[in-house]
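The values are calculated or read from the model by the stated rules, or taken from the named source; none is laboratory data. Worth saying up front: this structure is predicted, and the values here are computed from it rather than measured. As a convention, Cβ positions derive from the backbone with ideal geometry for all residues, glycine included, and neighbour counts pool all protein chains shown. Surface areas here come from the heavy atoms of the whole protein model, side chains and all, with no ligands, DNA or RNA. Shrake-Rupley method; radii C 1.70, N 1.55, O 1.52, S 1.80 Å.
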Amino acid sequence: MEYNIIISGIGGQGVLTVARILGEAALYSGIKVRMSEVHGLSQRFGSIFAHVRMGDHVYGGLVPMGKGNMLLALEPAESLRYMHYMKKGGALVLNKNPIEPPQVSMGLFNYPNLLEIKDIATEKFGLRVIEVDAKKIAAEAGGELAQNSAMLGATLEIPGFPLTREAIVYAVRKVISSRYADINIKAIDLGSEETKKIVAAIF
Amino acid sequence: MSNALVSPASNKALMLGNEAIVRGALESGLGFFAAYPGTPSSEILDAMIDIAKVLGIYAEVSANEKVAFEACLGASWSGIRAMTSMKHVGLNVASDALMSAASMGVRAGFVAVVADDPSMWSSQNEQDTRIYARFANVPVLDPSTPQDALNLTKKAYELSEKYRTIVILRTTTRLSHMRGGVETGSLPQGYGKEKRYIGEFKKDPDRFVSLPQIARRNKLEHVNAMRKLEEVEGDKLVEIEHADGSDLGIITGGVSYNYIKEAETWLGISGLRIMRTMMSYPLPRKPIADFLKSVDKVLVVEELEPVIEEQVKLIAFDEGIDVEIHGKDLVPRDFELTPEKVAISLSRFLKLDPPIDFELLERMGKQTSALAPPVPPTLCPACPHRSTFYAIRKAATNRAIFPSDIGCYTLGYYPPLKTVDTCVDMGASVSVAHGIAVAGRGDGGKTVVATIGDSTFFHSGLSALANAIANGSDFILVVLDNGTTAMTGHQPNPGSAEGNRGKRISIEEVAKAMGADLVEVVDPYDISAVVGAMKRAMEIKGVRVIVARRECALKLISEKRRKGETWKRYAVNAEKCTGCKACINAFGCPAIKWDASNKKAYIDPEMCWGCGSCAQVCPFDAIKVVDDGV
């Protein structure tokens, strides 16, 4: 088994926390895991990514180009930077809520259309797109900060994803402050629930 | 701090490469730690500071890397195991100490962790610390994984004490920030809260005073010790896979080893003879020679400079071994290696087709990425530096010249602030400003306004300021004082209000004592006050110092979030907003967005951290507090 995930988003969104949860869940499940993170300069509201790799023959922390199984995009446009790291047939789990960067506010750049992003993923890279309204789900669960947990819930529904709900919930309790754990676990379950139908249709 | 780091018994945990190094040092009986932060090394320092509160080791945030290095020497010479950590460019600062101390040696083990940053993820240059090891003639160990980092840290202490030498443990971004499962050993007896290892300096001036006649003897002793280390330890610091495999060989070290293993599977090959060397200087001579004799063709796979390759070629030449040696002719020398780069190098070496069409993928990736709006890192909402930069530009206009320095505020380079014209190395803002001011005298005198952070000021700005004042220079220095070392994770510095053991040092008093021609302290959130101070400074000549003091917004908001506290928030009154975009195009806070449908600005309430500077920037008084956060 080899399962490669890239998480992309904007500094401050919690890319590293999501990676950490996946890593702890893998360790809990007895799966060999290697991860690569970006610290320092890029964390200041810039583009940021983390790699999580699971499997017996995984050595380094970087996902080899073309060998990714899942791209977990916490921000839609940020998915565009890493699609070419995915295998054909891989999953793009996409939080549909954009964060408009300053360059767009300044009128220096246009934000791409969500439909266009999904088209590129399916047509050009052969990915299966699972769109998640993480903001809505998190609000339902009790707090907007739980968006990433809604995303994690969605990953649980993807065929071939090697981690279980139990492992993810364990990791959430380990990594996230106990004050917010319950809201996040609720968001995981709501995220799974909302995703079931989409997954059934495209896998 | 994770419990796994301080647990007395052995355990298994998910650790960063940097955390594994910390655990390795503790398992080796570390007693003294001193460092200045720098990506990608900073987590070592952060963990040590936390651990010092529970295990009773001594750990400090030093003023700079040279100071930290020398403090470790003092501890080691007093019989306490010591460690310092730094980023690659930190060793430039500490290199004076390294070069001289190398041959004087250690008493208790002393390991210097130096973290290189190939591809410059968070650095101003790319340099290979292994060359420093060769330059100083000290051993350098090069781990491949977090587990390896723990093991080699322990090995480093063993070598340091056995051969009385400083040992460099070299990591790279991809190891320091690689997370993986690590099985730890147990901690030695003797650790406990309030139970610090106490050492004693035993005088030995015939070794520790580097007068020429002593230095000559020290040098010869050190050269002999290093020769012995290489001969005795060399074969324990290499691993060979498939010793009876094909006649094609790979020599590698560090994270590159991982990529070779994956390229093997990817290309569907097996049986390659792979030699992983854990010590890249001095390269273990006999094991390398034996390996070279066992193959017809060898590829050296290493990141950055051909340090291993050149030694391999030298050994082959000296020993008269007939073998074809490849390295940087097939493996990229610039930027970090990746699994795909190494797969391409290996396929070229083996004359195989690459496993996938990388060029096509790369091209598709470039086209697709180009559609994503660029999101460079930016100063946080409510960052006091943004307000200061805005005020500096307002007072001095863009005709002024803006030398700056290393820190979050280097981001003042980006539009709309554009208040950073130069950035070289720590402290260079002050000295470059001095050079520009002197060189430009007589051309009508463009105003030179340098900016430097408080931590950088104490790190390397002090001597530059003394020099400028003593030489009668002519520029304004604005010290962006947020009371912390923000970029690397909020470590204290000598000017911080909290976090130091001893006294807080006042930047303005230092500047006054040095004889600056004007010293003022202002609050960045009061933009007209900063503009006023700038205007007063611009009316006179000489070295003028303005301290712009306000706590780091990220630090403050993180603390408030942790405590469950709230804060003020501002909003745009759509009726008053004329859509002039001054708040976006001149100030540029990431919380302020543009509503294209009604052509007005608005503030994202989730991102507003309540500084109120935008309310002062708005020419139409359209921004007001909407939630006072109580």
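The table for this structure:
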read-out	value
Failed item, numbered, when residue A:59 is tested on (1) under 14 Å from the mean Cα position of the chain (by Cα); (2) open to solvent by 10 Å² or more (accessible area, probe 1.4 Å); (3) at the interface with another protein chain (Cβ under 7 Å from one of its Cβ atoms)	(1)
Counted residues, region B:334-346 - those being more than 13 Å from residue B:262 (Cβ to Cβ) and crowded, with 16+ Cβ neighbours inside 10 Å	1
Leading residue by the ranking (farthest from residue B:351 (Cα to Cα)) among those in region B:232-281 that are at pLDDT 95 or above and of a type in the set (Gly, Ala, Ser)	B:234
Selection count where residues are in a helix (DSSP H, G or I) and in contact (Cβ under 8 Å) with a residue 24 or more places away in the chain, scope region B:279-308	10
Region B:155-187: number of residues that are crowded, with 19+ Cβ neighbours inside 10 Å and over 27 Å from residue B:220 (Cα atoms)	14
Number of positions in region A:26-47 that are within 7 Å of chain B (Cβ to nearest Cβ), hydroxyl-bearing (Ser, Thr, Tyr) and touching a Ser or Thr at 6+ places or on another chain (Cβ under 8 Å)	2
Failed item, numbered, when residue B:132 is tested on (1) under 17 Å from the mean Cα position of the chain (by Cα); (2) within 23 Å of residue B:259 (Cβ to Cβ); (3) modelled with pLDDT of 95 or more	(2)
Tally of residues being closer than 16 Å to residue A:74 by Cβ and either in contact with a Gly (Cβ under 8 Å, 6 or more places away or on another chain) or within 14 Å of chain B (Cβ to nearest Cβ) (or both) across region A:144-167	11
Qualifying residue in region A:65-78 (condition: touching a helix residue (DSSP H, G or I) at 6+ places or on another chain (Cβ under 6 Å), more than 8 Å from chain B (Cβ to nearest Cβ) and open to solvent by 20 Å² or more (accessible area, probe 1.4 Å))	no
Odd one out for residue B:114 among (1) surrounded by fewer than 22 Cβ atoms within 10 Å (Cβ to Cβ); (2) over 19 Å from residue B:224 (Cα atoms)	(1)
Entirely in region B:149-259, the helices (runs of 4 or more DSSP H) that have 2 or more residues that are touching a strand residue (DSSP E or B) at 6+ places or on another chain (Cβ under 7 Å)	B:173-176
Residue within region A:194-202 that is within 14 Å of chain B (Cβ to nearest Cβ), modelled with pLDDT under 95, assigned to a helix (DSSP H, G or I) and closer than 30 Å to residue B:597 by Cβ present	no
Single residue of region B:188-206 satisfying the filter (within 33 Å of the chain's Cα centre (by Cα) and at pLDDT 95 or above) that is surrounded by the fewest Cβ atoms within 10 Å (Cβ to Cβ)	B:200
Residue list for region B:423-448, restricted to those being over 26 Å from residue B:42 (Cα atoms) and in contact (Cβ under 8 Å) with a residue 40 or more places away in the chain	B:433, B:434, B:446, B:447, B:448
Single unsatisfied condition, residue B:374 versus (1) facing chain A (nearest Cβ under 9 Å); (2) at pLDDT 95 or above	(2)
The one condition in (1) hydrophobic (A, V, I, L, M, F, W, C); (2) away from chain A (no Cβ under 13 Å); (3) open to solvent by 40 Å² or more (accessible area, probe 1.4 Å); (4) under 39 Å from the mean Cα position of the chain (by Cα) that residue B:615 fails to fulfil	(3)
Condition met for residue B:44 (surrounded by 24 or more Cβ atoms within 10 Å (Cβ to Cβ) and modelled with pLDDT of 95 or more)	yes
Some residue of region A:82-93 being on the phi > 0 side of the Ramachandran plot and within 7 Å of another protein chain (Cβ to nearest Cβ)	no
Given (1) surrounded by 15 or more Cβ atoms within 10 Å (Cβ to Cβ); (2) part of a loop (DSSP other than H, G, I, E, B), index of the condition residue B:456 fails	(2)
Qualifying residues in region B:500-520 (those that are in contact (Cβ under 8 Å) with a residue 24 or more places away in the chain and open to solvent by 70 Å² or more (accessible area, probe 1.4 Å)) - the one farthest from the chain's Cα centre (by Cα)	B:517
Complete set of residues in region B:377-422 that are under 22 Å from residue B:124 (Cα atoms), more than 11 Å from every other protein chain (Cβ to nearest Cβ), open to solvent by 20 Å² or more (accessible area, probe 1.4 Å) and touching a residue at least 12 places away in the same chain (Cβ under 8 Å)	B:401, B:418, B:421, B:422
Residue list for region B:179-201, filter: in contact with a helix residue (DSSP H, G or I) (Cβ under 8 Å, 6 or more places away or on another chain) and either without any contact (Cβ under 8 Å) to a residue 60 or more places away in the chain or over 27 Å from residue B:3 (Cβ atoms) (or both)	B:199, B:201
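Let's see how each residue does on (1) touching a Cys at 6+ places or on another chain (Cβ under 9 Å); (2) within 13 Å of another protein chain (Cβ to nearest Cβ); (3) surrounded by fewer than 20 Cβ atoms within 10 Å (Cβ to Cβ):
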residue	(1), (2), (3)
A:95	no, no, no
A:99	no, yes, no
A:105	no, yes, no
A:112	no, yes, yes
A:115	no, yes, yes
A:121	no, yes, no
A:131	no, no, yes
